[in-house]
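Student: Here's a structure for you.
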Amino acid sequence: MVNITEKIKEIESEMARTQKNKATEHHLGLLKGKLARLRVQLLEPGPGGAGSAGTGFDVSKAGDARMALVGFPSVGKSTFLSKITKTKSSVAAYAFTTLTAIPGVLEYQGAEIQVLDLPGIIEGASEGKGRGRQVISAAKTSDLIVMILDATKRAEQRALLESELEAVGIRLNRESPNIYLKAKKAGGMKISFASPPNILDEKMVYNILKDYKMLNCEVLFRDENATVDDLIDVIMKDHRKYIRCLYVYNKIDSVSVEFLDKLAREPHTAVMSCEMDLGVQDVVDKCWDYLQLNRIYTKRKGIAPDFSEALIVRKDATIEDVCDQIHRTLKEHFRYALVWGASARHVPQRVGLTHTVADEDVVSIVSK
């Protein structure tokens with residue numbers, strides 16, 4: 001781990017020393033590629049890497065979705081967990097109270113959402129300081145990251161946390177780059193641009209792909225504003241995770257009303273005071289929106305729908321996904337489904353397995 005950390009620091013120093021201009025952009029692009037590979041190695045199990053998740057971090061995924069509470073020590077993560085679940089995480093007015101990942105279950109809208117209270121991230125977590133690597137590895141398995149921030153220290157905390165998460169391949173509130181890349185067995189490289197690039201050129205792309213030993217491949221840039229970082233993300237797609245993030249500012253009772261109003265209007269933001277129990281339910285409501293889950297109700301022929309228990313599926317789920325939720329063999333005997341609700345053009349609509357359901361649809365499966 002020491003060797004990898006030292007190499008990372010050397011490359012970062014070289015990048016900081018190198019002037020950014022047309023003559024150095026290819027060199028900087030290759031350095032970025034090397035840096036990305038080393039950061040992945042730092043989190044890999046085995047010699048030099050992060051090893052196993054560690055005590056308290058190997059928490060099995062449970063429920064309909066998982067959200068991770070991430071933040072610096074003593075920002076209110078444990079208090080928030082205790083308020084929204086029946087789990088009592090350790091709470092105290094000093095740093096590093098939570099030393100392991102504490103799981104809880106949030107029951108909301110008929111769904112069971114697993115909430116992980118992760119130990120406080122400190123600056124340098126992506127380089128292995130503190131228990132940062134284990135925290136980040138756990139965060140990568142989440143469907144939503146809830147970044148708890150101190151409203152009185154918002155700017156510096158948020159920038160540092162985003163930097164740490166970015167360094168290990170977690171991309172917050174972003175879509176994967178619009179770049180097509182396919183490895184081939186032979187034929188060399190075929191590099192194409194859908195429109196003239198603003199930043200990249202063919203030579204730079206060639207050198208980066210060569211550095212990653214992708215000598216036979218096809219790459220198409222559909223976005224004219226694609227960057228070197230976008231290309232590296234696509235090459236290393238197995239080590240990249242695109243996760244929605246909600247920035248939650250706690251301790252709002254310690255800031256002015258004017259500042260609070262400005263803060264609350266920022267994108268992907270919610271505000272609260274755990275200590276005074278202000279805005280906590282609003283944060284939970286917004287988390288539900290960000291998880292993008294749909295509730296589906298089932299109906300048997302001749303019987304009214306059962307609205308007491310919902311099937312929880314992801315946004316853009318299909319009838320096939322609903323079948324899998326009910327029983328894994330149901331698809332084998334599937335004939336058609338009847339759907340009532342927002343996804344139906346008329347009610348009931350007869351549909352097949354590829355039909356996309358909407359929140360609060362009623363579905364009746366007809367088997368052979």
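The values are calculated or read from the model by the stated rules, or taken from the named source; none is laboratory data. These numbers come from a predicted model, not from an experiment. Every residue, glycine as well, gets a Cβ built from its backbone with ideal geometry; the counts of neighbours run over all protein chains shown.
Let's see how each residue does on (1) among the aromatic types (Phe, Trp, Tyr); (2) outside the structural domain of Asn250 (by TED's automatic domain parsing); (3) farther than 26 Å from Glu107 by Cβ:
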{"residue": "Val283", "(1), (2), (3)": "no, no, no"}
{"residue": "Pro305", "(1), (2), (3)": "no, yes, no"}
{"residue": "Lys315", "(1), (2), (3)": "no, yes, no"}
{"residue": "Val339", "(1), (2), (3)": "no, yes, yes"}
{"residue": "His346", "(1), (2), (3)": "no, yes, yes"}
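Student: Which one of Tyr212, Tyr180, Tyr206 is touching a helix residue (DSSP H, G or I) at 6+ places or on another chain (Cβ under 6 Å) and among the aromatic types (Phe, Trp, Tyr)?
Tutor: Tyr212 is the lone residue from the list that is touching a helix residue (DSSP H, G or I) at 6+ places or on another chain (Cβ under 6 Å) and among the aromatic types (Phe, Trp, Tyr).
One line per residue, one yes/no per condition, for (1) polar (S, T, N, Q); (2) closer than 30 Å to Pro177 by Cβ:
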{"position": "Cys245", "(1), (2)": "no, yes"}
{"position": "Ser254", "(1), (2)": "yes, no"}
{"position": "Glu258", "(1), (2)": "no, no"}
{"position": "Pro267", "(1), (2)": "no, yes"}
{"position": "Val284", "(1), (2)": "no, no"}
{"position": "Asn294", "(1), (2)": "yes, yes"}
{"position": "Tyr297", "(1), (2)": "no, no"}
{"position": "Asp306", "(1), (2)": "no, no"}
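Student: Look through Lys210, Lys190, Lys185 and report the one residue that is in a loop (DSSP other than H, G, I, E, B) and surrounded by fewer than 17 Cβ atoms within 10 Å (Cβ to Cβ).
Tutor: After ruling out the rest, the residue left standing is Lys185.
Student: Kindly indicate whether Ile121 is in a loop (DSSP other than H, G, I, E, B), in the same structural domain as Asn250 (by TED's automatic domain parsing), closer than 17 Å to Cys245 by Cβ and at pLDDT below 85.
Tutor: yes
Student: From Val228, Val283, grab the single residue that is surrounded by 18 or more Cβ atoms within 10 Å (Cβ to Cβ) and modelled with pLDDT of 95 or more.
Tutor: Val283
Student: Of the conditions (1) under 27 Å from the mean Cα position of the chain (by Cα); (2) modelled with pLDDT of 90 or more; (3) of a type in the set (D, E, K, R); (4) farther than 19 Å from Val146 by Cα, Arg17 fails just one. Which one is it?
Tutor: (1)
Let's see how each residue does on (1) in a loop (DSSP other than H, G, I, E, B); (2) in contact with a helix residue (DSSP H, G or I) (Cβ under 8 Å, 6 or more places away or on another chain); (3) at pLDDT 90 or above:
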site: Asp324; (1), (2), (3): no, yes, yes
site: Lys331; (1), (2), (3): no, yes, yes
site: His346; (1), (2), (3): yes, no, yes
site: Leu353; (1), (2), (3): yes, yes, yes
site: Ala358; (1), (2), (3): yes, no, yes
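Student: Consider only pairs whose beta carbons are under 9 Å apart and that are at least six residues apart or on different chains; among these, list those whose first residue lies in region 168-180 and is among the β-branched types (Val, Ile, Thr) and whose second residue is surrounded by 14 or more Cβ atoms within 10 Å (Cβ to Cβ) and assigned to a loop (DSSP other than H, G, I, E, B).
Tutor: Pairs that qualify, where the first residue is among the β-branched types (Val, Ile, Thr) and the partner is surrounded by 14 or more Cβ atoms within 10 Å (Cβ to Cβ) and assigned to a loop (DSSP other than H, G, I, E, B), are Val168/Lys140; Ile170/Lys140; Ile170/Arg240; Ile179/Asp223; Ile179/Ala226.
Student: If only one of Asp201, Asp211, Asp261 is in the same structural domain as Ile84 (by TED's automatic domain parsing), among the acidic types (Asp, Glu) and more than 19 Å from the chain's Cα centre (by Cα), which one is it?
Tutor: Asp261
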